[in-house]
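Reviewing the structure listed below.
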Amino acid sequence: MQENNTITFGAQALTIEDVVAIAQGADATLNSSDEFTAKIDRGVAFLERLLKEEGVIYGVTTGYGDSCTVAIPPNLVDELPLHLTRFHGCGLGDILTHEQARAVLATRLCSLAQGVSGVTHDLLNQIVTLINQDIAPRIPQEGSVGASGDLTPLSYLAAALIGERDVIYQGEVRPTAEVFAQLNIDPIQLKPKEGLALMNGTSVMTALACLAYKRAEYLAQLCTKITAMVSVGMHGNDFHFDEALFAVKPHPGQQQVAAWLRDDLKAERPPRNSDRLQDRYSLRCAPHVIGVVQDSLPWLRSMIENELNSANDNPIIDGDNERVLHGGHFYGGHIAMAMDTLKTGIANLADLLDRQMAQLMDYKFNNGLPFNLTGAEGARKPINHGFKAVQIGISAWTAEALKHTMPASVFSRSTECHNQDKVSMGTIAARDCLRVLELTEQVAAASLLASVQAVEIRRHHNELDEHHMSENLKMIRDAVLAEFEYVVEDRPLENDLRHFIARIQQRHWSLYSEA
């Protein structure tokens, strides 16, 4: 729940947008109601009573995983969570970005604020402090099999709460203890169940899934806008998106994409120099390709937000009925399936744009545009190559995106003395999805520039005027040309591409008002 750029945890179900808001700098607060406070207190009091009665509690009075048969002597119980955080400090690979790490703080806080993990107010408030002071744990990406949750990456969050390891603060990686001393933040001491509660869950994969979802949602719209621009540049047929045509195949997302295209192409038709009655599939079937992603978004949202608002550690502490419930809610199968599905849909968007660009730059298929969309004319035309290398890059980025669509979730491996003998690989699936998104954003940035170049070539050759473009397309064209110089003489385009990739990742343009 969001109020004035502050997200309240423990009051009602959070949305993907709430997590993204925290990732991008929103503050956090905890539900201040008596009911929430009492629920947290009941779980803690029940655990403390069990400990005094020498009850057997997994991960509290026993070892972890396959070591659950090992009894922990009462005098060592308080040290056990500290050991859990430390021996999992073996993550490798790239470090999560500051934004991604803030999203992890949000997703873990949301899970623990369900009130059935047996954690104290001190722990919850410490996560809130990290969020509001903009301190992000330094979390390596690799080392999780997605069940028993994101143990290793989440150990870095746990370590930050107790003042250990490193954090990202003001753009620098610094020792946590140093930052805490600077800001007068006291490290907390983990209670017997709290190390397990922090680490035994799906919060890294879920955080990445929330961020991936919003990028995918925007890419579906951007690919639609680029398709409309390509259609204009190619002198394509707008009747391929007719409302009556799409009424007979009523996938709502597909129909939405077709409606967006109709609005984008609502203008006078430019004169055609082609007798093709039907455009090639990458234009004609664009609503069907983009529509698959658009139609997947509602159920992907449901899967991700259900996981976000779940208690996903083990055991569950039912303080209301005074029960310890042992299960497997740390299993990330839903996120794994969502991310494996989403990355496939997004890679198909890259492939769609790749095919559109192949047509657009090939003089044999582009209805009279110059080869490689060069803007050079006359005597200098032979030495200029326009977007030739960009199209090669698009092909490379698309191929790599497609390569990453192998589903991670089917690569379960038995580990941890065959206790974790079926695992989700959800975090790997989420990381794969982010890589596919990054590659597709690269393809989209290049395709956006190329499609605007094509439209400008038509305009320079008096084959297109303002009456041939809808206000929707003129707005995006003008926004691009405000930051991109029409290519006449060959020049390096890397900086332009990087600039527009950043614009896409920032979701800089408002593309469709009804979206």
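The values are calculated or read from the model by the stated rules, or taken from the named source; none is laboratory data. All values derive from a computational prediction rather than experimental measurement. Every residue, glycine as well, gets a Cβ built from its backbone with ideal geometry; the counts of neighbours run over all protein chains shown. Surface areas here come from the heavy atoms of the whole protein model, side chains and all, with no ligands, DNA or RNA. Shrake-Rupley method; radii C 1.70, N 1.55, O 1.52, S 1.80 Å.
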Subject >> Failed condition for Ile476, given (1) over 27 Å from the mean Cα position of the chain (by Cα); (2) within 27 Å of Asn384 (Cβ to Cβ) >> reply: (1)
Original post:
Given the structure, is Pro270 over 30 Å from Glu194 (Cα atoms) and not acidic (Asp, Glu)?
Top reply: yes
Subject >> Any hit, the range 117-127, residues being within 23 Å of the chain's Cα centre (by Cα) and within 24 Å of Ile57 (Cβ to Cβ) >> reply: yes
Original post:
In this structure, is His418 modelled with pLDDT under 95, open to solvent by 60 Å² or more (accessible area, probe 1.4 Å) and of a type outside the set (Asp, Glu)?
Top reply: yes
**OP:** From Phe387, Phe411, Phe365, Phe330, grab the single residue that is without any contact (Cβ under 8 Å) to a residue 24 or more places away in the chain and among the hydrophobic types (A, V, I, L, M, F, W, C).
**Re:** Phe411
Original post:
Considering only the range 321-365, how many residues are outside any helix (DSSP H, G or I) and β-branched (Val, Ile, Thr)?
Top reply: 1
Subject >> Residue count for the range 475-502, restricted to those that are closer than 13 Å to Leu449 by Cβ and either touching a residue at least 60 places away in the same chain (Cβ under 8 Å) or open to solvent by less than 50 Å² (accessible area, probe 1.4 Å) (or both) >> reply: 12
Original post:
Can you tell which of Ala401, Ala450, Ala430, Ala444 is farther than 30 Å from Asn367 by Cβ and surrounded by 23 or more Cβ atoms within 10 Å (Cβ to Cβ)?
Top reply: Ala430
**OP:** Output the strands (runs of 3 or more DSSP E) that fall wholly within the range 93-200 and possess 1 or more residues being touching a residue at least 24 places away in the same chain (Cβ under 8 Å) and open to solvent by less than 10 Å² (accessible area, probe 1.4 Å), or say none.
**Re:** 140-142, 166-169
Subject >> Residue within the range 319-336 that is of a type in the set (Asp, Glu), open to solvent by 30 Å² or more (accessible area, probe 1.4 Å) and closer than 30 Å to Ala38 by Cβ present >> reply: yes
Subject >> So Arg269, is it open to solvent by 20 Å² or more (accessible area, probe 1.4 Å), at pLDDT below 95 and touching a Phe, Trp or Tyr at 6+ places or on another chain (Cβ under 9 Å) >> reply: no
**OP:** Quickly run through the range 249-266 and pick out the residues that are assigned to a loop (DSSP other than H, G, I, E, B) and closer than 14 Å to Phe239 by Cβ.
**Re:** Leu265, Lys266
Subject >> Single condition Asn314 does not satisfy, out of (1) under 30 Å from the mean Cα position of the chain (by Cα); (2) open to solvent by less than 10 Å² (accessible area, probe 1.4 Å); (3) at pLDDT below 95 >> reply: (2)
Original post:
Is it true that Ile428 is more than 28 Å from Ile476 (Cβ to Cβ) and at pLDDT 95 or above?
Top reply: yes
Subject >> Among the residues listed as His385, His326, His334, the single one being over 20 Å from the mean Cα position of the chain (by Cα), under 30 Å from Val60 (Cβ atoms) and of a type outside the set (Gly, Ala, Ser) >> reply: His326
Original post:
Quick one: how many residues across the range 31-40 are in contact (Cβ under 8 Å) with a residue 12 or more places away in the chain and either part of a helix (DSSP H, G or I) or within 18 Å of Ala311 (Cα to Cα) (or both)?
Top reply: 5
Original post:
When the range 10-30 is examined, which residues are found to be surrounded by fewer than 19 Cβ atoms within 10 Å (Cβ to Cβ) and in a loop (DSSP other than H, G, I, E, B)?
Top reply: Ala11, Gln12, Ala13, Thr15, Gln24, Gly25
Original post:
How about the range 487-515: which of its residues are within 16 Å of Gln391 (Cα to Cα) and in a loop (DSSP other than H, G, I, E, B)?
Top reply: Val487, Asp490, Arg491, Pro492, Leu493
Original post:
Quick check, is Ala396 open to solvent by less than 60 Å² (accessible area, probe 1.4 Å), in contact (Cβ under 8 Å) with a residue 40 or more places away in the chain and either under 15 Å from Ala347 (Cα atoms) or among the charged types (D, E, K, R) (or both)?
Top reply: no
